[in-house]
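Heads up: the structure comes next, in structure tokens.
Read the figures in this text as sums done on the coordinates, not as results from a lab. Keep in mind it's a predicted model, so treat the numbers as computed, not measured. Note: ideal-geometry Cβ built from the backbone for every residue, glycine included; neighbour counts use all protein chains shown.
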Amino acid sequence: MATTTKMTLAKALNAGLRRAMEDDPKVLLMGEDIGRLGGVFRITDGLQKDFGEDRVIDTPLAESGILGTAVGLALAGYRPVVEIQFDGFVYPAYDQIVSQVAKMHYRSGGRAAMPVVVRIPFGGGIGAVEHHSESPEAQFAHTPGLKVVACSNPVDAYWMIQQAIASPDPVIFLEPKRLYHSAKADIDPEATPPPLWSSQVVRRGSDLTLLCYGPMVSTCLRAAEAAAGEGRSIEVVDLRTLSPLDLGPVTDSVRRTGRAVVAHEAHVNLGMGAEVAARITQECFYSLEAPVLRVGGFDTPYPPARMEEHFLPDLDRVLEAVDRVMEY
Amino acid sequence: MATTTKMTLAKALNAGLRRAMEDDPKVLLMGEDIGRLGGVFRITDGLQKDFGEDRVIDTPLAESGILGTAVGLALAGYRPVVEIQFDGFVYPAYDQIVSQVAKMHYRSGGRAAMPVVVRIPFGGGIGAVEHHSESPEAQFAHTPGLKVVACSNPVDAYWMIQQAIASPDPVIFLEPKRLYHSAKADIDPEATPPPLWSSQVVRRGSDLTLLCYGPMVSTCLRAAEAAAGEGRSIEVVDLRTLSPLDLGPVTDSVRRTGRAVVAHEAHVNLGMGAEVAARITQECFYSLEAPVLRVGGFDTPYPPARMEEHFLPDLDRVLEAVDRVMEY
Amino acid sequence: MSQHLETGPETLGGDPTDYVQLLTPEGVRVEHPDYSLDPSPELLRCFYRDMTLTRRIDVEATALQRHGELGIWAQLLGQEAAQIGAARALAPQDFVFPTYREHGVAWVRGVDPLKLLGLFRGSDQGSWDPAEHNFGLYTIVIGAQTLHATGYAMGMQRDGVVGTGDPQRDTAVVAHFGDGASSQGDVNEAFVFAASYQAPVVFFCQNNQWAISEPIERQSRIPLYHRAEGFGFPGVRVDGNDVLATYAVMKQALQRAREGGGPTLIEAYTYRMGAHTTTDDPTRYRLDDDVQRWKLKDPIARVEVLLRRNGYADDEFFARVQQEADGLGAHLREGCRALPDPSPLAGFDRVYAEQTEELAAQRDEYAGYLASFEGAN
Amino acid sequence: MSQHLETGPETLGGDPTDYVQLLTPEGVRVEHPDYSLDPSPELLRCFYRDMTLTRRIDVEATALQRHGELGIWAQLLGQEAAQIGAARALAPQDFVFPTYREHGVAWVRGVDPLKLLGLFRGSDQGSWDPAEHNFGLYTIVIGAQTLHATGYAMGMQRDGVVGTGDPQRDTAVVAHFGDGASSQGDVNEAFVFAASYQAPVVFFCQNNQWAISEPIERQSRIPLYHRAEGFGFPGVRVDGNDVLATYAVMKQALQRAREGGGPTLIEAYTYRMGAHTTTDDPTRYRLDDDVQRWKLKDPIARVEVLLRRNGYADDEFFARVQQEADGLGAHLREGCRALPDPSPLAGFDRVYAEQTEELAAQRDEYAGYLASFEGAN
Ligand SMILES: Cc1ncc(C[n+]2csc(CCOP(=O)(O)OP(=O)(O)O)c2C)c(N)n1
Ligand SMILES: Cc1ncc(C[n+]2csc(CCOP(=O)(O)OP(=O)(O)O)c2C)c(N)n1
Ligand SMILES: [Mg+2]
Ligand SMILES: [Mg+2]
């Protein structure tokens, strides 16, 4: 497919997975209901039909088992791409991820490769019951040996999933589930994507730097748009890679704007915002006109669906934080 | 026992557990090898003999099973105190801790109490093989519904374990394993301890505030002592409670000193230091003469024992960070 | 002699008739050597009524979801006998740990079904009081509750309410789970703990043949009830569409647990007639033929035949139950729409039993933020 | 018919003689209907030598730990037959996933025992190349490796090296674990996956009766090998102190796996004669009587009796092995002290296959910091 196609984020992931599987016969997909059903979000739709049950593997209902066998498959030379059905169900696999997947390369003295991708539909906003709206990124970013990325739009989704699969290191790949089936974008399979390990300025501005990733990028872009209406020029950076962070574009930006806000759905306490704020402060201390403020999920469990609009930072809450920073 | 006794941290925990069990027949201990053996660190030494197998429960070798049954016991009105044998073995129980223990009170609309204490010997410096020297505190502190504390000396150990057991909320109780059998301290069972949810200034100073907890407190006190020799006055705060943080004494201190360093064994990236730095910066922005710097374990897996002296922040690395902050 | 089992019956999942059955799909009573039951007409009518009302709850909730009143609904269609049989076997003091699909058990335990809707609507995460109904909150993380049940059962041992011989005191605990759940580490650890401590817990597995889109064969190549034997406690398979058999088998297992005999695994062999949940589309992964075949085994129809054939219930009875069902439907439709949305601030106050200053401050800050909008209006 | 098993043999852990045995503790060959073996004198001598040298590794390492050269050592004393029997049954292409105690298997797979010491000394976390020896790194998190083995076996299926009929290609995978590990969710999930995919994996459990201080009864009230049956694959118990029986049973299970017959669980019934590790004090939790009783079942002594009684080995052979052992001891003592400490900077470079800028910067910073001290001296 050499021509540009309009795709949702879900379809873009599907296309990216397909291309990765075509490119490398060692790429396998594993997960619950990813075969005939195509996954509960249909991200793997049609792939088992085309690549067979040996490459698109419906697994027993056991997340530790999925990750543990993925480790074995990786040691046998395969590149397992694991789907965790919902964010809240990654925790049974947490031990295999942080103690095995993350450490294997290190403990083997650099011999073993662990090219495992763990796809996690993450975040809230879909009106789901509990355990279906978590944002577990900080817990993985804190773990050396893992790399953690989040896509925010169809084009990135298409490229980033392929880049993650090509990576020789384990990648926690976060997919903003509430954007799966929203706005389409043009995907040109011949284009040259930016590196996976890069953050991207997605809107230029001069008064304040707004940092975000995953589902919050669209919210932040809308916030910036709204702020522009009030004469405020906000630069928006899509972090994309959460570990390692690519802070170059961020500190460049903050040195110009002097102000920053970090937004995510995850709980603020020890969320990504803490690290980003600490690092920006360290690197741009003399440029900062105000402390880096954080907007995020409250430090409560994710609430029942009919309260989630309060829990999730929205345009207003982002702008309120922007106001507070501007007032310094 | 109404008289003051000299105890190691290990013995103090044992005495604290004993007293909690005497005070409340609903307190149960659970874990691997905690019965006849008294635990691999002997923290529960003699308790099964005195309280019986029904209250000091040797469990099958399955951490998720331990935490999951502890949840059930708590729902049945018991107060389980779980011993995780080593920090690295808490991860198989991670799901039960973050999805069940942490959320039960909230999801039950405040009806269910979850007075579970998870004792974790944490940190390195004992020359152990892998998975025996981890510092998992940030992963728990990021989880709403849990409370996280770390003791640093025998007196605190004695009181804090009792306070944690008395708490109606789940507490992750971190024990600095490398200090278990080191310096003794006088414990007066009639004394009135400070509240569990409080940080404590453990050394006064005026040039810089050094924040630490658990095993790093003694290192930081020594660093402060050494710095004093060079005419530098360092205030040391033992955070004690990591979630919630008790930042009052910290911000008071930083407002006076204008400078702060946070030290922990955990990886720096997204470690407790990130949160503490972000919050101090937010609260004391105009008082800060320099960014809050962090000293911690590198962002690599915990290394083989013969490299751990490099990995662990020691007096010199703490002082080097102090120097950097002072030079701003 | 060492045992070198060449396990695995003819077909994966085993011979489906290899189970305890007391009432055939045609409504004929059959005997079983290990499970005799002489149900009173009253009990039979009770079963019928429970199952019919439970099905009505399911139908109403499904419709409410279609109308946008619920975010999602997990249907129990086809599993009424398994749930009602299991629940009616309980003693009042027994405690139940459900999954997210035990609407029939909730019904028997006296939970207002409206409270089930609250959870699926997103108003709360379960608003009944577990202690009032001896019925725990729904658990969504697959398998987690089997350990809670085992721990609770260990608590009963410590409370001294196991094996006392006093039927009013002796207590059993039930862990519900599905066929898919049997693959989870937690469920197998629950088996280990329960066996090790001989905890008074009954593991009640509704094998409805599907874990979302995955057939039971993905989880196990042999009948699930065999799993228990490898852990050292008995397993039994029952016709889960037969309320009598389920009741009888459950009664015996509960009694065994209460007496201190330790755990039992019951596999209730049934079929998920509906979708996994209202968001699922089973046409993508299963044949309608199967569903049609299972329709002939409907759990309610066979009890109706039995009641009518024996003259245990007349038309008036059936009409009354129908009327009751209609009343229940109305209750649910009206009640659901009237369920209050959660207060945005209340959540902050129930994260901890002992509120923290940090979180109280976060609450106040948000209260102020909300107030700023009100001011603006 | 539904099965309502009243499981549980007479004693917990079962009748200890309920296992496959081909060589009695007294050194007498016995027959077993399912496992015939006609070992060549050469193979018997090989077993003797392997076990003796393996024990010597253990003795030397224990002594090195006492002298402060190792941080800790996990002793295998008493488990030599289980490990050597299991390892000698392997085909070269088979792959092994060990725990932290498989020193005998490592030996057979050609791993220089010095490399084992490196791990326990804290010089590294396993410095052999798994691909070179088809022997994975030691795994300390209990049970985790059983899933790795299962996944690796699934890889072999995808590589097309299962059931081809070519003995040079067909590959089996071995997962080692202990009796305590059988309680872990991961191990039971490995059983589920292996059974579901019929993966070519042999689960080899050394039931040495102890998980640190906890006796096997805490983990299971019935013999462990029964566990497999509940998951739908065969389990067999073998006298783990009998190298011949272990070899024979393992050979058959590996063959079955290679042929595509799926997994087998082998429970090698043995005894941990030493402490759990050198930091453990078993006098706190077990009676010396037991240890004395198991001394009579020593795995090496019985092979020596067999060799001598049949004239398969003469004094010279035994002396030569002894000499070899002494040489090995010297190699370990000298080699251990000479093991290089890890470089403080090397670690930064092997966290990722593709280094990150962040971590490279952290490395450089630390290099600068270290250099500042050198400057200071
Ligand atoms: C740990 C975990 N993983 C995945 C899911 C998503 N999920 C919800 S229900 C379900 C299938 C459950 O099947 P089964 O145990 O047979 O119960 P049933 O739904 O058929 O009643 C899955 C995979 C979950 N809730 N929890
Ligand atoms: C997940 C986990 N929990 C706890 C431990 C600590 N630990 C190390 S060995 C051991 C006992 C293992 O017993 P078993 O499986 O019988 O093996 P053995 O040591 O007897 O060979 C324990 C509890 C661990 N390594 N991993
Ligand atoms: Mg099911
Ligand atoms: Mg053992």
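This model, with +1 at the C-beta of Lys and Arg and -1 at the C-beta of Asp and Glu, gives chain D a dipole about its Cα centre of some 540 debye.
Which whole-number percent gives the relative contact order of chain B, counting Cα pairs below 8 Å spaced six or more residues apart?
16 percent
Considering only B:Leu67, B:Ala166, D:Gln198, the residue lying farthest towards the positive end of the dipole of the protein assembly as shown is D:Gln198, judged by Cα position with unit charges set on Cβ.
Largest mean-square fluctuation among A:Asp95, A:Asp169, A:Asp314, in a Gaussian network model of chain A whose springs join Cα atoms under 10 Å apart, belongs to A:Asp95. For the segment D:194-201, counting C-beta atoms of other chains within 10 Å of every residue's C-beta and taking the mean gives 4. Where both partners of a DSSP beta bridge lie in chain B, what percent of those bridges are antiparallel, to the nearest 5? Around 20 percent antiparallel, to the nearest 5. In this Cβ point-charge picture (+1 for Lys and Arg, -1 for Asp and Glu), segment B:200-326 has a dipole of about 220 debye about its Cα centre.
Computed about the Cα centre, the dipole magnitude for the protein assembly as shown is approximately 120 debye when only Lys and Arg (+1) and Asp and Glu (-1) carry charge, each at its Cβ. Placing R0 at 30 angstrom, the Cβ-Cβ distance between C:Asp326 and C:Ala301 gives a FRET efficiency of 0.95 after rounding to 0.05. By the Cβ distance rule (another cysteine Cβ under 4.7 Å), the unpaired cysteines of the protein assembly as shown are A:Cys151, A:Cys284, B:Cys151, B:Cys284, C:Cys46, C:Cys205, C:Cys336, D:Cys46, D:Cys205, D:Cys336. The distance between label points at A:Arg256 and D:Asp341 comes to 4.9 nm (points 7 Å beyond Cα on the Cα→Cβ vector).
Each other residue within a Cβ distance under 11 Å of B:Cys151 adds +1 if Lys or Arg and -1 if Asp or Glu, for a net charge of -1. The mean number of partner chain beta-carbon atoms within 10 angstrom of a residue's beta-carbon across peptide A:241-254 is 2. Taking packing as the residue-averaged number of other Cβ atoms within 10 angstrom, the listed peptides D:283-295, C:339-351 run from highest to lowest as C:339-351, D:283-295.
Neighbour counting of Cβ atoms within 10 Å sorts the residues A:Val90, B:Val118, fewest neighbours leading, into A:Val90, B:Val118. Springs between Cα atoms under 10 Å define the GNM used for chain A, and in it the highest mean-square fluctuation of A:Ala263, A:Ala228, A:Ala74 occurs at A:Ala228. Of the beta bridges in segment B:200-326, as assigned by DSSP with both residues counted there, near 25 percent are antiparallel. The sum of -39500 (n - 2.57) across all DSSP H runs of n ≥ 4, divided by the residue count of chain B, sets its helix-only mean residue ellipticity at 222 nm to -9500 deg cm²/dmol. When each of D:Tyr19, C:Tyr35, C:Tyr152 is scored by the number of other beta-carbon atoms lying within 10 Å, the sequence from fewest to most is C:Tyr35, D:Tyr19, C:Tyr152. The local environment of A:Asp316, defined by Cβ-Cβ distances under 11 Å, has a net charge of -2 under the rule Lys, Arg +1 and Asp, Glu -1. Distances from C:Glu132 to itself in the other copies, using label points 7 Å out along the Cα-Cβ axis, amount to 6.9 nm in increasing order.
Restricting the calculation to Cα atoms, segment A:233-309 shows an Rg/Rh of 1.02 when the hydrodynamic-style radius is the Kirkwood one. Each label was represented as a point 7 Å from its Cα along the Cα-to-Cβ direction; for C:Asp34 and B:Thr192 these points are 6.4 nm apart. Taking Cα atoms only, the orientation of helix B:216-229 departs from the longest principal axis of chain B by about 20 degrees.
Across the copies of the chain, A:Glu327 has label points (7 Å from Cα along Cα→Cβ) spaced 3.8 nm apart, shortest distance listed first.
Between D:Asp166 and B:Glu289, the simple label model (points 7 Å from Cα in the Cβ direction) yields a spacing of 7.5 nm. Against the longest alpha carbon principal axis of chain A, how many degrees, from 0 to 90 and to the nearest 10, is the axis of helix A:154-166 turned? The two axes meet at around 50 degrees.
May I ask you to order C:307-314, D:67-74, D:251-258 by the average number of other C-beta atoms within 10 Å around their residues, highest value first? Kindly include the intermediate steps, with their values, before the conclusion.
Working: C:307-314: 14.4, D:67-74: 20.0, D:251-258: 22.6.
Top of the packing list down: D:251-258, D:67-74, C:307-314.
Using a cutoff of 8 angstrom between alpha carbon atoms and counting only pairs six or more residues apart, the relative contact order for segment C:233-377 works out to 16 percent. For chain C, a Gaussian network of Cα nodes joined below 10 Å ranks C:Phe203, C:Phe97, C:Phe231 by mean-square fluctuation, and the top entry is C:Phe231.
Here the protein assembly as shown is treated as a sphere whose radius is the Kirkwood value from Cα pairs; by Stokes-Einstein at 4 °C and 1.567 mPa s it diffuses with a coefficient of 40 µm²/s. Overall, the anisotropy analysis places segment B:1-90 in the oblate class: the square-rooted eigenvalues a ≥ b ≥ c of its C-alpha gyration tensor yield a/c not less than 1.5, with a/b not exceeding b/c. Residue order for D:Leu370, A:Leu9, fewest other beta carbons within 10 angstrom first, comes to D:Leu370, A:Leu9.
Taking every alpha-carbon pair under 8 Å whose residues sit at least 6 apart, chain C reaches a relative contact order of 24 percent. By how many degrees, 0 to 90 and rounded to 10, does the Cα axis of helix A:272-283 deviate from the longest principal axis of chain A? Once rounded, one gets 60 degrees.
Mean partner shielding of peptide B:292-302, defined as the number of other chain Cβ atoms within 10 Å of each residue Cβ, is 6. For D:Gly327, the label point sits 7 Å beyond Cα toward Cβ; its separations from the matching points on the remaining copies run 9.4 nm, from shortest to longest. Step through the table entries A:Lys11/A:Lys177; A:Lys103/A:Lys177; A:Lys103/A:Lys147; A:Lys26/A:Lys177, compare each Cα-Cα distance with 19 Å, and write down the pairs that go over it. Those over the limit are A:Lys103/A:Lys177; A:Lys26/A:Lys177.
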